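Chemist: Got a structure for you, questions after.
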Amino acid sequence: MKKKQKQKLLNQFRPSLDGIRTQLFNSLEEESLRRYGLPLQVMLDPKNRQILTIGLAGNSNESTRINVPIDDNFTSVLKRIRSGEKDIFERFRDNLLIEIVSYWNDQRMKNNEPTAEVVSTPVAPVTEAKEETTEKSVAAEEVNVEPVTEEAPATTSDLTFDQFTAAVAEYPKFYVEKTADTAIIFEKTADEPRQLAEVSMTTENEFTVEKALERKYKVKLTLVPLIEQFAAMPIANR
């Protein structure tokens, strides 16, 4: 079979982006109910398929819904899921779920209602993999973040420095520079490069996320897990 014919055949058997998106929405609903007892309903806005609507099942009150514009980053993640990139589906889903439940807890606290317990690490074991998603197209609050040293995830996939650099470069205007002791993520700006994060090249699981990255709400959901994965890699394997 010729190469072009083989590729065409493979493409015909690849799931559609709509199918992957539906799978993601269903998984969000299932995991939200299983982990937090929160009966979410996740769907596209019937009037605008570029808007993601997240509400409570059986609750028609529009004031309790979250409407999130879908951008190119979200679509990019769906494509990476379709391509079979390891673990990205679970990692992306879990990060989104944590953000959604955290939002609802904030709303419930304002109304003196019971809240769901949010865990920073998913209940179900999830293998670490680079995660790309999507930053939410909603302005995020600026958050001060201190340097952190985290325990290595239970399972990590290999991620060399070159692979890490290539993955970061997929974000528009992002790039990595390496020094003797650190790998630094920068964003190109009109004035001068803006530092977003720094990963130690001498100590495992040590990295710093800057405020500039924290306020990029959509990007941080996928880039921070990628940083965590690279930071967890044994120094000799990078």
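Chemist: Evaluate the following for Glu204: is it assigned to a loop (DSSP other than H, G, I, E, B), at pLDDT 50 or above, exposed (fewer than 12 other Cβ atoms within 10 Å of the Cβ) and among the charged types (D, E, K, R)? Reasoning before the result, please.
Modeler: Numbers: assigned to a loop (DSSP other than H, G, I, E, B): yes; at pLDDT 50 or above: yes; exposed (fewer than 12 other Cβ atoms within 10 Å of the Cβ): no; among the charged types (D, E, K, R): yes.
Considered against the rule, which asks whether it is assigned to a loop (DSSP other than H, G, I, E, B), at pLDDT 50 or above, exposed (fewer than 12 other Cβ atoms within 10 Å of the Cβ) and among the charged types (D, E, K, R), Glu204 comes out as no.
Chemist: Hey, another quick one. Assess whether Arg215 counts as being basic (Lys, Arg), under 15 Å from the mean Cα position of the chain (by Cα) and surrounded by fewer than 19 Cβ atoms within 10 Å (Cβ to Cβ). First the steps, then the outcome.
Modeler: Numbers: basic (Lys, Arg): yes; under 15 Å from the mean Cα position of the chain (by Cα): yes; surrounded by fewer than 19 Cβ atoms within 10 Å (Cβ to Cβ): yes.
Taking the combined requirement at face value, the residue satisfies it.
Chemist: Scan the range 229-238 for residues that are in a helix (DSSP H, G or I) and open to solvent by less than 40 Å² (accessible area, probe 1.4 Å) and jot them down. Steps first, answer last, please.
Modeler: Pass one, the range 229-238, residues in a helix (DSSP H, G or I): 229-232, 235-237.
Listed by number, the residues that qualify are Gln229, Phe230, Ala231, Ala232.
The values are calculated or read from the model by the stated rules, or taken from the named source; none is laboratory data. The model shown is predicted, which means the values in this text are computed figures rather than measured ones. Cβ atoms come from the backbone with ideal geometry, glycine included; neighbour counts cover every protein chain shown. Heavy atoms of the whole protein, side chains included, go into the accessibility calculation; ligands, DNA and RNA do not. Shrake-Rupley method; radii C 1.70, N 1.55, O 1.52, S 1.80 Å.
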